[in-house]
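Below is one structure; the comments refer to it alone.
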There are 2 protein chains.
Amino acid sequence: MLEVFKRYLNSKTSISDEEFELIREVAIERKLRKRQYLLQEGDIWKYDAFVCKGLMRTYKVDDKGQEHVLQFCPENWWTGDRQSYISGEPARYNIEAYEDSEVILIPKQDTAKLRIQIPKLNEMMYDLLERSFISLQNRVQSNITHTAEEKYGQFLKIYPDMSNRVPLHMIASFLGISPETLSRIRAKK
Amino acid sequence: MLEVFKRYLNSKTSISDEEFELIREVAIERKLRKRQYLLQEGDIWKYDAFVCKGLMRTYKVDDKGQEHVLQFCPENWWTGDRQSYISGEPARYNIEAYEDSEVILIPKQDTAKLRIQIPKLNEMMYDLLERSFISLQNRVQSNITHTAEEKYGQFLKIYPDMSNRVPLHMIASFLGISPETLSRIRAKK
DNA sequence: CGATTCTTTGAAAACAGTCAATCTGTGTGG
DNA sequence: CCACACAGATTGACTGTTTTCAAAGAATCG
């Protein structure tokens, strides 16, 4: 599991073996079965989580009991609840494995130390946040600009394999449309 | 204009007079009249921009010539096109003053130096990005969860004074609904 | 195989968008 | 100072899209 992480780090920046040892010392390896939770609403999130294998989804349940998928997080992406992480408040989201998954957790305090010890890691994580910001911004823009059909088209471009990995109704939820509507959109292609 | 900026910085962190001098040396003060552009689509954005006074809006024009407002940026907020800033690609957005405004521009290279010279500034800008990320995430969540009416309610909570400062049709555009629909939503309260 | 989850389909209702006309307020120039 | 132009807001009628509800048909998993 750590090998995947090391390969990822070296694709994004360059980390020496000694530096990676520092990471290894604090990294927690966790295996999750499908439908197992990484985080439940109300808990406090204190990690940085890197998905080595599998697929996580972040979702929220509204007053009417309806689920809304905020994010899909496949292998080689980071997940977590940034709001809870920063503020120390209870999480408002659930993060659940939707496939059997392998995740590396780095406790918050250790991340802070590592970012000082390994400046390149710090830089990488900053870049990551910037890019996440931009992709969220693109998503907002897509939401206010496009029709349901166009949004689905965009989604397929950005996540080409996701439609094979998660059920349709979760994609609909991610896009903010009803599953029936998405089904009909697909039918007419 | 720089006084406003200094006050802002000291509300977010603490910057000594000597440190602020470093900022002053590179800061560019710019006054903009209503309808004047800070950035036009196609240009390359190379600054960090802090709004001391007035109101900026970031928008995009789609294929059909329709404007879509991505962001309102009143005094004491930062604006810019992060995508263009990072990648060096031409901006896809326009940033326009919607009131007579005063903006401080710090050129990209100078920001980089300042962030090294003034660690607290660096920290502050990181926190800022994190918080911007979270608020965008909340906006996405609101987009996929709520009806037009609920979204408008949320908007009023987050930007209580904005409805006095910008025309209704721009708020509609920001929310991704038609001006007529927003007008009707308001009428039935 | 049986149970569950997911997807599709149909019909009706709710909702939002478009187009066009009218109304309102503001600011400008004669 | 008034008349006019202009931008913005509202309203009505219509159209089109999306949701909802219900039921039936696939697909998947234990």
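A few comments on the model shown:
- No other residue among B:L70, B:L2, B:L22 is within 30 Å of B:S173 (Cβ to Cβ), of a type outside the set (S, T, Y) and either modelled with pLDDT of 95 or more or touching a helix residue (DSSP H, G or I) at 6+ places or on another chain (Cβ under 7 Å) (or both) apart from B:L70.
- Residue check, A:M125 within 16 Å of DNA strand D (Cβ to nearest atom), of a type in the set (A, V, I, L, M) and surrounded by 16 or more Cβ atoms within 10 Å (Cβ to Cβ): no
- The condition (being more than 21 Å from B:R139 (Cα to Cα), surrounded by fewer than 16 Cβ atoms within 10 Å (Cβ to Cβ) and in contact with a helix residue (DSSP H, G or I) (Cβ under 7 Å, 6 or more places away or on another chain)) is satisfied by just one residue among A:L182, A:L156: A:L156.
- Matching residues in segment B:15-57 - criterion: being closer than 26 Å to B:L114 by Cα, assigned to a strand (DSSP E or B) and hydroxyl-bearing (S, T, Y): B:Y47
- Hey, A:L168 within 12 Å of DNA strand D (Cβ to nearest atom), surrounded by 18 or more Cβ atoms within 10 Å (Cβ to Cβ) and of a type outside the set (V, I, T) or not: no
- Considering only residues in segment A:87-114 that are in contact (Cβ under 8 Å) with a residue 60 or more places away in the chain and acidic (D, E), the one that is farthest from A:Q40 (Cα to Cα) turns out to be A:D110.
- Residue in segment B:92-105 that is within 16 Å of DNA strand D (Cβ to nearest atom), under 15 Å from the mean Cα position of the chain (by Cα), under 16 Å from A:Q141 (Cβ atoms) and within 14 Å of another protein chain (Cβ to nearest Cβ) present: yes
- Going through (1) within 13 Å of DNA strand D (Cβ to nearest atom); (2) away from every other protein chain (no Cβ under 11 Å); (3) surrounded by 19 or more Cβ atoms within 10 Å (Cβ to Cβ) one by one, A:L114 falls short only on (1).
- Condition met for A:S178 (near DNA strand C (Cβ under 10 Å from one of its atoms), free of Cβ contacts under 8 Å to residues at least 24 places away in the same chain and more than 14 Å from chain B (Cβ to nearest Cβ)): no
- Qualifying residues in segment B:129-147 (those that are within 13 Å of DNA strand D (Cβ to nearest atom) and buried (at least 16 other Cβ atoms within 10 Å of the Cβ)) - the one farthest from the other protein chains (Cβ to nearest Cβ): B:H146
- From the list A:K157, A:K108, A:K151, A:K120, the lone residue that is within 30 Å of A:L22 (Cβ to Cβ) and either away from chain B (no Cβ under 14 Å) or within 16 Å of DNA strand C (Cβ to nearest atom) (or both) is A:K120.
The values are calculated or read from the model by the stated rules, or taken from the named source; none is laboratory data. Remember, it's a predicted structure, so these values are computed and weren't measured experimentally. As a convention, Cβ positions derive from the backbone with ideal geometry for all residues, glycine included, and neighbour counts pool all protein chains shown.
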